[in-house]
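Asks: There's a structure below that I have some questions on.
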Amino acid sequence: YALLEQGAPAEDAVCAAIRVMEDAPEFNAGRGAALTSEGIVSMDSCLMTGVDGEVGSACGLTTSKNPINVARAIKEKTKHVMFAKPGDNLLKEWGIKLCDSEYFITPARQESLREAQSNGDEWEKHGTIGAVARDASGNIAAGTSTGGITNQMHGRVGDSPLPGCGTFANQSTVAVSCTGIGEAFIKVVAAHQVSDRVRFSGENVEDAATATLDEVAAHHGDGGMIVLPAVGRGVVAYNSEMMNFGYRSAQGGKVQG
């Protein structure tokens, strides 16, 4: 928020917020990301700006300290949208800080993996991180970063890095970042659906988010989303048991954990 107060673009604030959570082992992104069935991290990220519709995304990252920086590099330094498992030499060329695999793996995630492999592969209730922001010029942006699902199969990709599924921003409607059972969010193209409901059906942001989560539930998924329109108040919506979130505006802020 300090960046926004200084006049920085929305994507700067989004990336700054996400990096804080990627560096904290309590979250399922960066250090402390969920472990795959092979006991390693496979991290995904996406960054999209509403004013120009530009987007960068990455999946299968194993050495990038801050996956959101990879998404931004792809958006700003290449002519492409999405990279799967970009090599370390390319990441270094983009200025990405790399870490050994040991940096990402925490005892808590190792225990989660042992439990998932011993007691049945249930969806684990710790989720993706994301941020949405609107800057002083009124431009909006959305970013998402995740370690996926504990004990996921090698090569699995969820909704987070897929533009329109877990992440989306359109200057005429909303910026959205989602968390939850990625397969269900993919099937209903959740983030884009919220935008379409606002744009074509004239629904308000809260109703659009709620209706989209109903579609997610119809596909046996739960989770939530943060939604920020280009004009007006943002919305936090979820159909899961709970969701941690925080917001800040000129009128004040709140954190729910």
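The values are calculated or read from the model by the stated rules, or taken from the named source; none is laboratory data. Please read all numbers here as calculations on a predicted model, not as lab measurements. As a convention, Cβ positions derive from the backbone with ideal geometry for all residues, glycine included, and neighbour counts pool all protein chains shown. Side chains included, ligands, DNA and RNA excluded: accessible areas come from the protein's heavy atoms. Shrake-Rupley method; radii C 1.70, N 1.55, O 1.52, S 1.80 Å.
Asks: Please report, in debye to the nearest 20, how large the charge dipole of the stretch 92-214 is about its Cα centre when each Lys and Arg carries +1 at its beta carbon and each Asp and Glu carries -1 there.
Replies: For this selection, approximately 300 debye.
Asks: Something else now. Find out how many positive minus negative residues lie around Pro25, taking Lys and Arg as positive, Asp and Glu as negative, among other residues whose Cβ is under 11 Å from that of Pro25.
Replies: Net charge around Pro25: -1.
Asks: Of the cross-linked pairs Lys75/Lys187; Lys65/Lys187; Lys65/Lys254; Lys77/Lys254, which ones have a Cα-Cα span greater than 32 Å in the structure shown?
Replies: Lys77/Lys254
Asks: Just the accessible area for Asp44, please: 1.4 Å probe, Å², rounded to the nearest 10?
Replies: 0 Å²
Asks: Take every Cα-Cα distance within the stretch 177-257, group them into 10 Å bins from 0 onward, and report for each bin the whole-number percent of pairs it holds.
Replies: 19, 50, 28, 3
Asks: Which ³J(HN,Hα) values, rounded to whole Hz and listed in residue order, are derived for the stretch 63-71 from phi using the Karplus coefficients 6.51, -1.76 and 1.60 in 6.51 cos²θ - 1.76 cosθ + 1.60 with θ = phi - 60°, glycine and proline given as x?
Replies: 10, 7, 4, 10, x, 5, 5, 5, 4
Asks: Once the Cα gyration tensor of the chain is diagonalised, what are the square roots of 5 times its eigenvalues, in whole Å and ordered largest first, as equivalent ellipsoid semi-axes?
Replies: Semi-axes (√(5λ), whole Å): 27, 22, 16.
Asks: Let me check I've understood the local charge: for Ala208, count other residues with C-beta under 13 angstrom from its C-beta, Lys and Arg +1, Asp and Glu -1. What total comes out?
Replies: -4
Asks: For Ile18, Ile105, write out the residues from largest to smallest accessible area, computed with a 1.4 angstrom probe and no ligands counted.
Replies: Output order, biggest surface exposure first: Ile105, Ile18.
Asks: In addition: Please state the charge dipole magnitude for the chain, taken about the Cα centre, from unit charges on C-beta atoms (+1 on K and R, -1 on D and E), reported in debye and rounded to the nearest 20.
Replies: In debye, rounded to 20, the chain gives about 540.
Asks: Sticking with this structure for a sec: From Cα coordinates alone, what are the radius of gyration and Dmax values for the stretch 63-200 in angstrom?
Replies: 16.6, 52
Asks: Out of the DSSP beta bridges found with both residues in the chain, what percent are antiparallel (nearest 5)?
Replies: Within the chain, antiparallel bridges account for around 90 percent of the total.
Asks: By DSSP, what percent of the beta bridges with both residues in the stretch 1-140 are antiparallel, rounded to the nearest 5?
Replies: Of the beta bridges lying entirely in the stretch 1-140, close to 70 percent run antiparallel.
Asks: Still on this structure: Multiply the residue separation of Glu26 and Leu98 by 0.36 nm, subtract the distance between their alpha-carbon atoms, and state the gained length in nm to one decimal.
Replies: Separation in residues times 0.36 nm, less the Cα-Cα distance, equals 23.9 nm.
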